[in-house]
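Okay, so here's the structure we're looking at.
The values are calculated or read from the model by the stated rules, or taken from the named source; none is laboratory data. The shown structure was predicted, so the numbers you read here are calculated from the model rather than taken from an experiment. Glycine also receives a Cβ, built like all others from the backbone with ideal geometry; neighbour counts cover every protein chain displayed. Side chains included, ligands, DNA and RNA excluded: accessible areas come from the protein's heavy atoms. Shrake-Rupley method; radii C 1.70, N 1.55, O 1.52, S 1.80 Å.
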Amino acid sequence: RGLYNEGVTDSREGLIYDWNTVDGARKPPFRIEFDDETLRDGLQSPSVTNPTIDEKLRIFHLMERLGIDACDIALPGAGPHAAAHAERLAREKVAAKMKIQISCAARTVKTDIEPIAEISQKVGIPIVADVFIGSSPIRQYVEGWDLGTMVRHTREAVDFCRANNLPCMYVTEDTTRADPKALEILYSEAIGHGASMICLCDTVGHATPEGARSLVSWAKRLVDRLNPEVKINWHGHSDRNLAIPNTIAAIEAGAQRVHATALGIGERVGNTAMDLLLVNLKLLGWIDRDLRALPEYVREVSRACKVPVPRNYPVFGEDAFETGTGVHAAAVIKAFKKNDTWLANRVYSGVPADEFGLEQRIRVGPMSGRSNVVFWLEKNGYGASDDLVTRLFNAAKKTNHVFSDEELHALARGIVE
(Lines give C-alpha, C1' and ligand atoms only; values in the text may rest on other atoms or scores of the structure.)
Protein backbone atom coordinates (compact mmCIF):
# COMPACT_ATOMS: atom_id res chain seq x y z
CA ARG A 1 0.00 0.00 0.00
CA GLY A 2 2.82 2.39 0.82
CA LEU A 3 2.79 5.51 2.93
CA TYR A 4 1.98 9.02 1.80
CA ASN A 5 5.18 11.06 1.78
CA GLU A 6 4.63 14.73 2.55
CA GLY A 7 6.26 17.26 0.27
CA VAL A 8 7.80 16.85 -3.15
CA THR A 9 9.20 13.42 -3.98
CA ASP A 10 10.87 11.91 -7.03
CA SER A 11 9.78 8.43 -5.98
CA ARG A 12 6.52 6.75 -7.07
CA GLU A 13 6.47 4.66 -3.92
CA GLY A 14 3.67 5.69 -1.63
CA LEU A 15 1.92 8.00 -4.13
CA ILE A 16 -1.24 5.87 -4.00
CA TYR A 17 -2.64 4.40 -0.80
CA ASP A 18 -4.78 1.44 -1.82
CA TRP A 19 -7.77 1.06 0.49
CA ASN A 20 -8.92 -1.86 -1.67
CA THR A 21 -6.25 -4.00 -0.06
CA VAL A 22 -6.95 -3.11 3.58
CA ASP A 23 -9.88 -5.45 4.18
CA GLY A 24 -10.65 -6.23 0.56
CA ALA A 25 -10.79 -9.44 -1.41
CA ARG A 26 -7.60 -11.48 -1.46
CA LYS A 27 -5.97 -12.93 -4.57
CA PRO A 28 -7.24 -16.50 -5.06
CA PRO A 29 -4.77 -19.37 -4.66
CA PHE A 30 -5.54 -20.70 -8.15
CA ARG A 31 -5.18 -19.49 -11.73
CA ILE A 32 -8.36 -17.75 -12.89
CA GLU A 33 -9.69 -19.06 -16.22
CA PHE A 34 -11.93 -17.19 -18.66
CA ASP A 35 -14.68 -18.59 -20.87
CA ASP A 36 -15.77 -16.17 -23.59
CA GLU A 37 -19.47 -16.46 -24.47
CA THR A 38 -19.52 -13.62 -27.03
CA LEU A 39 -20.11 -15.87 -30.04
CA ARG A 40 -22.94 -17.85 -28.45
CA ASP A 41 -24.72 -16.39 -25.43
CA GLY A 42 -23.72 -12.87 -26.47
CA LEU A 43 -25.52 -13.27 -29.78
CA GLN A 44 -28.81 -13.93 -27.98
CA SER A 45 -29.09 -10.20 -27.34
CA PRO A 46 -32.23 -8.83 -29.01
CA SER A 47 -30.28 -5.97 -30.58
CA VAL A 48 -27.09 -7.55 -31.96
CA THR A 49 -26.32 -8.55 -35.52
CA ASN A 50 -24.95 -12.06 -35.97
CA PRO A 51 -21.41 -11.60 -37.36
CA THR A 52 -20.23 -13.20 -40.56
CA ILE A 53 -17.91 -16.16 -40.20
CA ASP A 54 -14.93 -13.97 -41.19
CA GLU A 55 -15.84 -11.52 -38.43
CA LYS A 56 -16.19 -14.38 -35.95
CA LEU A 57 -12.75 -15.64 -36.93
CA ARG A 58 -11.20 -12.22 -36.24
CA ILE A 59 -12.90 -12.08 -32.84
CA PHE A 60 -11.78 -15.67 -32.14
CA HIS A 61 -8.14 -14.76 -32.82
CA LEU A 62 -8.41 -11.68 -30.60
CA MET A 63 -9.57 -13.95 -27.78
CA GLU A 64 -6.45 -16.04 -28.37
CA ARG A 65 -4.23 -12.93 -28.25
CA LEU A 66 -5.77 -11.94 -24.93
CA GLY A 67 -5.04 -15.36 -23.45
CA ILE A 68 -8.70 -16.26 -22.94
CA ASP A 69 -8.89 -19.93 -21.98
CA ALA A 70 -12.10 -21.08 -23.62
CA CYS A 71 -14.74 -19.96 -26.09
CA ASP A 72 -18.32 -21.14 -26.51
CA ILE A 73 -18.54 -21.10 -30.31
CA ALA A 74 -22.21 -21.96 -30.94
CA LEU A 75 -25.29 -24.00 -30.14
CA PRO A 76 -25.07 -26.33 -33.18
CA GLY A 77 -28.43 -27.88 -32.40
CA ALA A 78 -30.04 -24.55 -33.34
CA GLY A 79 -29.67 -25.37 -37.02
CA PRO A 80 -27.32 -25.85 -40.01
CA HIS A 81 -26.04 -22.25 -39.99
CA ALA A 82 -24.92 -22.46 -36.35
CA ALA A 83 -23.39 -25.89 -36.94
CA ALA A 84 -21.48 -24.70 -40.02
CA HIS A 85 -20.01 -21.73 -38.12
CA ALA A 86 -19.06 -23.98 -35.22
CA GLU A 87 -17.26 -26.39 -37.54
CA ARG A 88 -15.38 -23.57 -39.28
CA LEU A 89 -14.20 -22.12 -35.95
CA ALA A 90 -13.14 -25.58 -34.78
CA ARG A 91 -11.14 -26.08 -37.96
CA GLU A 92 -9.48 -22.70 -37.45
CA LYS A 93 -8.35 -23.73 -34.00
CA VAL A 94 -6.66 -26.78 -35.52
CA ALA A 95 -5.17 -25.00 -38.55
CA ALA A 96 -3.81 -22.06 -36.55
CA LYS A 97 -2.67 -24.29 -33.65
CA MET A 98 -4.59 -22.12 -31.21
CA LYS A 99 -4.39 -22.78 -27.49
CA ILE A 100 -7.94 -21.67 -26.70
CA GLN A 101 -10.33 -24.46 -25.71
CA ILE A 102 -13.67 -24.59 -27.52
CA SER A 103 -17.10 -25.64 -26.37
CA CYS A 104 -20.63 -25.77 -27.73
CA ALA A 105 -23.88 -25.34 -25.84
CA ALA A 106 -26.67 -27.91 -25.78
CA ARG A 107 -29.80 -28.70 -23.87
CA THR A 108 -29.66 -31.95 -21.92
CA VAL A 109 -31.13 -33.81 -24.89
CA LYS A 110 -29.43 -36.15 -27.33
CA THR A 111 -30.54 -34.21 -30.44
CA ASP A 112 -28.63 -31.11 -29.24
CA ILE A 113 -25.47 -33.01 -28.32
CA GLU A 114 -25.26 -35.10 -31.51
CA PRO A 115 -24.16 -32.14 -33.73
CA ILE A 116 -21.33 -31.37 -31.29
CA ALA A 117 -20.12 -34.97 -31.48
CA GLU A 118 -20.28 -34.87 -35.30
CA ILE A 119 -18.18 -31.69 -35.46
CA SER A 120 -15.68 -33.08 -32.97
CA GLN A 121 -15.29 -36.25 -35.04
CA LYS A 122 -14.95 -34.36 -38.34
CA VAL A 123 -12.33 -31.95 -37.03
CA GLY A 124 -10.53 -34.43 -34.80
CA ILE A 125 -10.39 -32.48 -31.54
CA PRO A 126 -12.36 -32.68 -28.28
CA ILE A 127 -15.12 -30.10 -27.92
CA VAL A 128 -16.60 -29.45 -24.51
CA ALA A 129 -20.36 -29.94 -24.41
CA ASP A 130 -21.96 -27.30 -22.19
CA VAL A 131 -25.20 -29.13 -21.39
CA PHE A 132 -27.77 -26.99 -19.60
CA ILE A 133 -31.03 -27.48 -17.79
CA GLY A 134 -33.21 -25.14 -15.72
CA SER A 135 -32.85 -25.75 -11.99
CA SER A 136 -35.01 -23.26 -10.09
CA PRO A 137 -38.46 -24.11 -8.68
CA ILE A 138 -40.10 -21.35 -10.73
CA ARG A 139 -38.64 -22.80 -13.93
CA GLN A 140 -39.69 -26.33 -12.95
CA TYR A 141 -43.23 -25.08 -12.28
CA VAL A 142 -43.54 -23.29 -15.63
CA GLU A 143 -42.09 -26.22 -17.60
CA GLY A 144 -44.05 -28.86 -15.70
CA TRP A 145 -40.88 -30.74 -14.79
CA ASP A 146 -40.39 -32.95 -11.77
CA LEU A 147 -37.01 -33.57 -10.19
CA GLY A 148 -36.97 -37.19 -11.32
CA THR A 149 -37.30 -36.14 -14.96
CA MET A 150 -34.49 -33.59 -14.55
CA VAL A 151 -32.21 -36.21 -13.02
CA ARG A 152 -32.93 -38.58 -15.88
CA HIS A 153 -32.18 -35.89 -18.50
CA THR A 154 -28.96 -35.06 -16.64
CA ARG A 155 -27.80 -38.66 -16.51
CA GLU A 156 -28.63 -39.39 -20.15
CA ALA A 157 -26.93 -36.20 -21.40
CA VAL A 158 -23.70 -36.74 -19.46
CA ASP A 159 -23.59 -40.42 -20.40
CA PHE A 160 -24.06 -39.52 -24.08
CA CYS A 161 -21.18 -37.03 -23.86
CA ARG A 162 -18.89 -39.65 -22.37
CA ALA A 163 -19.89 -42.22 -24.97
CA ASN A 164 -18.91 -39.72 -27.70
CA ASN A 165 -15.65 -38.59 -26.06
CA LEU A 166 -16.98 -35.10 -25.33
CA PRO A 167 -15.77 -33.44 -22.12
CA CYS A 168 -18.88 -32.26 -20.29
CA MET A 169 -19.67 -29.08 -18.41
CA TYR A 170 -22.98 -29.49 -16.59
CA VAL A 171 -24.83 -26.16 -16.46
CA THR A 172 -27.74 -25.40 -14.14
CA GLU A 173 -29.70 -22.42 -15.39
CA ASP A 174 -31.09 -20.02 -12.77
CA THR A 175 -28.85 -21.53 -10.09
CA THR A 176 -29.04 -18.37 -8.00
CA ARG A 177 -32.76 -19.02 -7.37
CA ALA A 178 -32.54 -22.81 -7.01
CA ASP A 179 -33.08 -24.93 -3.90
CA PRO A 180 -29.80 -26.41 -2.59
CA LYS A 181 -31.44 -29.82 -2.06
CA ALA A 182 -32.37 -30.03 -5.74
CA LEU A 183 -28.96 -28.70 -6.80
CA GLU A 184 -27.17 -31.30 -4.71
CA ILE A 185 -29.15 -34.10 -6.36
CA LEU A 186 -28.53 -32.74 -9.87
CA TYR A 187 -24.82 -32.04 -9.38
CA SER A 188 -24.29 -35.40 -7.70
CA GLU A 189 -25.85 -37.14 -10.69
CA ALA A 190 -23.81 -35.14 -13.23
CA ILE A 191 -20.51 -35.50 -11.41
CA GLY A 192 -21.16 -39.17 -10.67
CA HIS A 193 -21.61 -39.82 -14.38
CA GLY A 194 -18.45 -37.97 -15.41
CA ALA A 195 -19.06 -34.22 -15.77
CA SER A 196 -15.66 -32.53 -15.38
CA MET A 197 -17.10 -29.06 -14.75
CA ILE A 198 -20.24 -27.57 -13.27
CA CYS A 199 -21.50 -24.09 -14.04
CA LEU A 200 -23.48 -21.96 -11.60
CA CYS A 201 -25.65 -19.53 -13.56
CA ASP A 202 -27.13 -16.23 -12.51
CA THR A 203 -29.36 -16.50 -15.56
CA VAL A 204 -31.70 -13.60 -14.76
CA GLY A 205 -29.21 -11.39 -12.93
CA HIS A 206 -30.81 -12.04 -9.56
CA ALA A 207 -27.66 -12.36 -7.44
CA THR A 208 -25.85 -9.87 -5.25
CA PRO A 209 -22.14 -10.28 -4.42
CA GLU A 210 -23.05 -11.84 -1.08
CA GLY A 211 -25.41 -14.26 -2.80
CA ALA A 212 -22.78 -15.19 -5.38
CA ARG A 213 -20.24 -15.77 -2.63
CA SER A 214 -22.67 -17.94 -0.64
CA LEU A 215 -23.65 -20.07 -3.63
CA VAL A 216 -20.09 -20.70 -4.79
CA SER A 217 -18.95 -21.48 -1.24
CA TRP A 218 -21.77 -24.02 -0.95
CA ALA A 219 -20.89 -25.55 -4.34
CA LYS A 220 -17.22 -25.77 -3.40
CA ARG A 221 -18.03 -27.74 -0.25
CA LEU A 222 -20.18 -30.09 -2.33
CA VAL A 223 -17.55 -30.56 -5.04
CA ASP A 224 -14.79 -31.12 -2.50
CA ARG A 225 -16.89 -33.96 -1.11
CA LEU A 226 -17.95 -35.48 -4.45
CA ASN A 227 -14.84 -34.94 -6.61
CA PRO A 228 -12.34 -32.12 -5.92
CA GLU A 229 -11.08 -32.34 -9.53
CA VAL A 230 -14.38 -30.93 -10.84
CA LYS A 231 -13.99 -27.27 -11.84
CA ILE A 232 -16.56 -24.69 -10.70
CA ASN A 233 -17.68 -22.14 -13.32
CA TRP A 234 -19.60 -18.90 -12.74
CA HIS A 235 -21.86 -17.36 -15.40
CA GLY A 236 -23.47 -14.01 -14.60
CA HIS A 237 -25.93 -11.54 -16.09
CA SER A 238 -26.29 -7.79 -15.60
CA ASP A 239 -29.96 -7.21 -14.87
CA ARG A 240 -29.16 -5.48 -11.56
CA ASN A 241 -25.85 -4.08 -12.86
CA LEU A 242 -23.95 -6.34 -10.45
CA ALA A 243 -22.39 -8.78 -12.89
CA ILE A 244 -18.76 -7.74 -12.37
CA PRO A 245 -18.85 -7.50 -8.56
CA ASN A 246 -20.75 -10.81 -8.51
CA THR A 247 -18.07 -12.44 -10.65
CA ILE A 248 -15.29 -11.11 -8.44
CA ALA A 249 -17.14 -12.43 -5.37
CA ALA A 250 -17.57 -15.81 -7.09
CA ILE A 251 -13.84 -16.02 -7.80
CA GLU A 252 -13.05 -15.07 -4.21
CA ALA A 253 -15.30 -17.92 -3.03
CA GLY A 254 -13.64 -20.49 -5.28
CA ALA A 255 -14.97 -20.30 -8.87
CA GLN A 256 -11.94 -21.23 -11.01
CA ARG A 257 -13.48 -20.35 -14.39
CA VAL A 258 -15.73 -17.37 -15.11
CA HIS A 259 -17.84 -16.59 -18.18
CA ALA A 260 -18.31 -13.23 -19.87
CA THR A 261 -18.91 -11.52 -23.23
CA ALA A 262 -17.33 -8.59 -25.03
CA LEU A 263 -19.13 -5.35 -24.08
CA GLY A 264 -21.42 -7.47 -21.90
CA ILE A 265 -23.68 -8.31 -24.84
CA GLY A 266 -26.33 -10.94 -24.21
CA GLU A 267 -29.98 -11.53 -23.42
CA ARG A 268 -31.95 -8.58 -22.03
CA VAL A 269 -29.34 -6.13 -20.68
CA GLY A 270 -26.53 -8.62 -21.16
CA ASN A 271 -23.84 -10.69 -19.49
CA THR A 272 -20.74 -9.90 -17.47
CA ALA A 273 -18.50 -7.72 -19.64
CA MET A 274 -15.29 -9.62 -20.44
CA ASP A 275 -13.32 -6.47 -21.25
CA LEU A 276 -14.16 -4.73 -17.97
CA LEU A 277 -13.77 -7.94 -15.97
CA LEU A 278 -10.22 -8.36 -17.30
CA VAL A 279 -9.45 -4.72 -16.50
CA ASN A 280 -10.68 -5.08 -12.93
CA LEU A 281 -8.84 -8.32 -12.27
CA LYS A 282 -5.64 -6.84 -13.69
CA LEU A 283 -5.98 -3.80 -11.41
CA LEU A 284 -6.66 -6.08 -8.44
CA GLY A 285 -3.43 -7.91 -9.22
CA TRP A 286 -5.29 -11.21 -9.67
CA ILE A 287 -4.11 -11.67 -13.27
CA ASP A 288 -0.89 -10.61 -14.96
CA ARG A 289 -1.11 -10.46 -18.74
CA ASP A 290 -0.76 -8.05 -21.64
CA LEU A 291 -4.20 -6.54 -22.24
CA ARG A 292 -3.26 -3.94 -24.84
CA ALA A 293 -5.33 -5.82 -27.44
CA LEU A 294 -8.53 -5.16 -25.48
CA PRO A 295 -9.47 -1.96 -27.37
CA GLU A 296 -9.25 -3.84 -30.68
CA TYR A 297 -11.34 -6.70 -29.25
CA VAL A 298 -14.01 -4.23 -28.13
CA ARG A 299 -13.97 -2.34 -31.44
CA GLU A 300 -14.21 -5.53 -33.51
CA VAL A 301 -17.17 -6.90 -31.55
CA SER A 302 -18.85 -3.49 -31.62
CA ARG A 303 -18.44 -3.27 -35.38
CA ALA A 304 -19.32 -6.89 -36.20
CA CYS A 305 -22.36 -7.05 -33.91
CA LYS A 306 -23.52 -3.48 -34.66
CA VAL A 307 -23.38 -2.59 -30.96
CA PRO A 308 -22.23 1.01 -30.44
CA VAL A 309 -19.88 1.66 -27.51
CA PRO A 310 -21.44 4.40 -25.33
CA ARG A 311 -19.17 7.44 -25.02
CA ASN A 312 -19.15 7.06 -21.22
CA TYR A 313 -18.51 3.29 -21.27
CA PRO A 314 -15.73 2.60 -18.76
CA VAL A 315 -12.20 2.35 -20.16
CA PHE A 316 -13.17 1.85 -23.81
CA GLY A 317 -15.70 4.66 -24.35
CA GLU A 318 -14.49 7.85 -26.05
CA ASP A 319 -14.86 9.89 -22.86
CA ALA A 320 -13.04 7.43 -20.58
CA PHE A 321 -9.64 9.13 -20.66
CA GLU A 322 -10.59 12.59 -21.88
CA THR A 323 -10.97 15.67 -19.73
CA GLY A 324 -11.84 19.25 -20.52
CA THR A 325 -12.10 20.34 -16.89
CA GLY A 326 -9.45 22.85 -15.90
CA VAL A 327 -8.40 21.46 -12.51
CA HIS A 328 -8.32 17.85 -13.69
CA ALA A 329 -6.51 18.65 -16.91
CA ALA A 330 -3.97 20.86 -15.12
CA ALA A 331 -2.86 17.95 -12.95
CA VAL A 332 -2.50 15.63 -15.96
CA ILE A 333 -0.58 18.30 -17.88
CA LYS A 334 1.82 18.83 -14.98
CA ALA A 335 2.50 15.09 -14.96
CA PHE A 336 3.16 15.11 -18.70
CA LYS A 337 5.56 18.04 -18.26
CA LYS A 338 7.51 15.86 -15.83
CA ASN A 339 7.90 13.44 -18.78
CA ASP A 340 6.22 10.85 -16.61
CA THR A 341 3.60 8.81 -18.49
CA TRP A 342 3.07 6.58 -15.45
CA LEU A 343 2.12 9.63 -13.38
CA ALA A 344 -0.04 11.20 -16.10
CA ASN A 345 -2.06 7.99 -16.42
CA ARG A 346 -2.83 7.83 -12.70
CA VAL A 347 -2.99 11.32 -11.21
CA TYR A 348 -6.64 11.79 -12.21
CA SER A 349 -7.58 8.27 -13.26
CA GLY A 350 -8.29 5.07 -11.38
CA VAL A 351 -7.48 3.11 -14.53
CA PRO A 352 -4.02 3.58 -16.11
CA ALA A 353 -4.83 4.02 -19.79
CA ASP A 354 -1.45 2.86 -21.09
CA GLU A 355 -1.83 -0.62 -19.58
CA PHE A 356 -4.78 -1.17 -21.91
CA GLY A 357 -3.35 0.33 -25.10
CA LEU A 358 -4.97 3.74 -24.60
CA GLU A 359 -3.90 7.25 -23.61
CA GLN A 360 -5.01 10.33 -21.70
CA ARG A 361 -6.40 13.18 -23.81
CA ILE A 362 -6.77 16.84 -22.88
CA ARG A 363 -9.78 18.56 -24.42
CA VAL A 364 -10.87 22.21 -24.57
CA GLY A 365 -14.35 23.40 -23.57
CA PRO A 366 -16.28 25.82 -21.38
CA MET A 367 -14.85 24.38 -18.13
CA SER A 368 -11.25 24.36 -19.36
CA GLY A 369 -8.37 26.45 -18.09
CA ARG A 370 -5.74 28.18 -20.20
CA SER A 371 -3.41 25.24 -19.60
CA ASN A 372 -5.79 23.03 -21.61
CA VAL A 373 -5.47 25.38 -24.57
CA VAL A 374 -1.68 25.67 -24.29
CA PHE A 375 -1.31 21.89 -24.08
CA TRP A 376 -3.54 21.23 -27.08
CA LEU A 377 -1.81 23.87 -29.21
CA GLU A 378 1.67 22.58 -28.40
CA LYS A 379 0.72 18.94 -28.95
CA ASN A 380 -0.78 19.78 -32.33
CA GLY A 381 2.16 21.81 -33.61
CA TYR A 382 0.94 25.35 -33.07
CA GLY A 383 2.90 28.04 -31.33
CA ALA A 384 1.13 28.83 -28.07
CA SER A 385 1.36 32.61 -28.33
CA ASP A 386 -0.53 34.67 -25.74
CA ASP A 387 -2.86 36.03 -28.43
CA LEU A 388 -3.69 32.60 -29.85
CA VAL A 389 -4.21 31.09 -26.40
CA THR A 390 -6.45 33.95 -25.33
CA ARG A 391 -8.62 33.81 -28.43
CA LEU A 392 -9.11 30.04 -28.24
CA PHE A 393 -9.71 30.24 -24.50
CA ASN A 394 -12.36 32.96 -24.98
CA ALA A 395 -14.03 30.92 -27.73
CA ALA A 396 -14.16 27.91 -25.41
CA LYS A 397 -15.82 29.92 -22.66
CA LYS A 398 -18.59 30.97 -25.03
CA THR A 399 -19.41 27.48 -26.35
CA ASN A 400 -21.81 24.97 -24.83
CA HIS A 401 -19.73 21.85 -25.52
CA VAL A 402 -16.21 20.47 -25.55
CA PHE A 403 -14.56 21.28 -28.88
CA SER A 404 -13.62 18.45 -31.19
CA ASP A 405 -10.09 18.40 -32.59
CA GLU A 406 -11.52 19.42 -35.96
CA GLU A 407 -13.19 22.49 -34.44
CA LEU A 408 -10.00 23.48 -32.64
CA HIS A 409 -7.91 23.09 -35.78
CA ALA A 410 -10.38 25.26 -37.67
CA LEU A 411 -10.31 27.92 -34.95
CA ALA A 412 -6.53 27.86 -34.67
CA ARG A 413 -5.95 28.01 -38.43
CA GLY A 414 -8.50 30.80 -38.78
CA ILE A 415 -6.77 32.83 -36.13
CA VAL A 416 -3.23 32.08 -37.34
CA GLU A 417 -4.05 32.75 -40.96
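Here are the numbers:
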{"quantity": "Condition met for Val402 (touching a residue at least 60 places away in the same chain (Cβ under 8 Å) and open to solvent by 60 Å² or more (accessible area, probe 1.4 Å))", "calculated": "yes"}
{"quantity": "Pair list, Cβ under 9 Å, 6 or more apart: segment 285-300 residue at positive phi, other residue surrounded by fewer than 17 Cβ atoms within 10 Å (Cβ to Cβ) and assigned to a loop (DSSP other than H, G, I, E, B)", "calculated": "Gly285/Lys27"}
{"quantity": "Checking Pro314 against (1) within 12 Å of the chain's Cα centre (by Cα); (2) open to solvent by less than 10 Å² (accessible area, probe 1.4 Å), the condition it does not meet", "calculated": "(2)"}
{"quantity": "Helices (runs of 4 or more DSSP H) fully within segment 305-410 counting 2 or more residues that are within 28 Å of Val279 (Cβ to Cβ) and of a type in the set (A, V, I, L, M, F, W, C)", "calculated": "326-337, 341-344, 370-379"}
{"quantity": "Residues satisfying the stated conditions in segment 35-83, i.e. of a type in the set (A, V, I, L, M), closer than 28 Å to Lys282 by Cα and in a helix (DSSP H, G or I)", "calculated": "Leu43, Leu57, Ile59, Leu62, Met63"}
{"quantity": "So Arg213, is it open to solvent by 10 Å² or more (accessible area, probe 1.4 Å), closer than 25 Å to Val94 by Cβ and part of a helix (DSSP H, G or I)", "calculated": "no"}
{"quantity": "Inter-residue pairs, beta-carbon under 8 Å, first of a type in the set (Val, Ile, Thr) and in segment 212-237, second open to solvent by 10 Å² or more (accessible area, probe 1.4 Å) and part of a helix (DSSP H, G or I), 6+ apart", "calculated": "Val216/Ala253; Val223/Ile191; Val230/Ile191; Ile232/Lys220"}
{"quantity": "Among (1) of a type in the set (Val, Ile, Thr); (2) open to solvent by 70 Å² or more (accessible area, probe 1.4 Å); (3) closer than 29 Å to Leu66 by Cα, the one test that Val309 misses", "calculated": "(2)"}
{"quantity": "Contacts under 7 angstrom Cβ, first residue in segment 105-127 being over 13 Å from Thr154 (Cα atoms), partner among the aromatic types (Phe, Trp, Tyr), 6 or more apart", "calculated": "Ala105/Phe132"}
{"quantity": "Within segment 110-159, tally of residues that are assigned to a helix (DSSP H, G or I), polar (S, T, N, Q) and open to solvent by less than 60 Å² (accessible area, probe 1.4 Å)", "calculated": "4"}
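Residue by residue, here is whether (1) touching an Asp or Glu at 6+ places or on another chain (Cβ under 8 Å); (2) modelled with pLDDT of 95 or more; (3) over 27 Å from Pro295 (Cβ atoms); (4) open to solvent by 30 Å² or more (accessible area, probe 1.4 Å) holds:
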| residue | (1), (2), (3), (4) |
| --- | --- |
| Glu6 | no, no, yes, yes |
| Thr9 | no, no, yes, yes |
| Val22 | no, no, yes, yes |
| Ile32 | no, yes, no, no |
| Pro46 | yes, no, no, yes |
| Pro51 | no, yes, no, no |
| Ile59 | yes, yes, no, no |
